[in-house]
Amino acid sequence: MHSDFESKCMFGGLGVFHNDQMFALIADDELYFKTNEALAEEYKKQDLAPFTYMRKSKEVSLSYFQALESILDNPTALANWAERSIKILLKK
C-alpha cells in the first residue's frame, strides 16, 4: 500500500514528507512546520522559534517553526497546521 506521507531521518531528527516534500520536522522532542514569509510572521507573533542547527560552528536557521504546544493534543488543530504547511509546498 502506497502512502502520500513518509518520514526520513533529517538534521538529527525526523523529516515528515507529503509527496516527497518535507512539510514538518521533529527534532529534540519539538515539532516544527514549514513556513513561508507570511506564516513565519504569524509564528513569531506567538513567540514560536525557528528550527536551527549547527553547521561548521555556525548556527543555521531553516524556514521551519516550532508548533504551538497546545495543538499536539488536538488532532483537528494539528491537522490544520500541517495542512497550512503542505499548501505552502503546493504553491512552489
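Side notes on the structure shown:
- Normalised per residue, the volume of the convex hull around the Cα set of the chain (Å³): 120
- Gain on full extension, evaluated as 0.36 nm per residue between residue 57 and residue 80 minus their Cα-Cα distance, stands at 4.7 nm.
Read-outs throughout are calculated quantities, based only on the coordinates presented, and are distinct from any laboratory measurement. Since the structure is predicted, the reported quantities are computational estimates derived from the model, not experimental observations.
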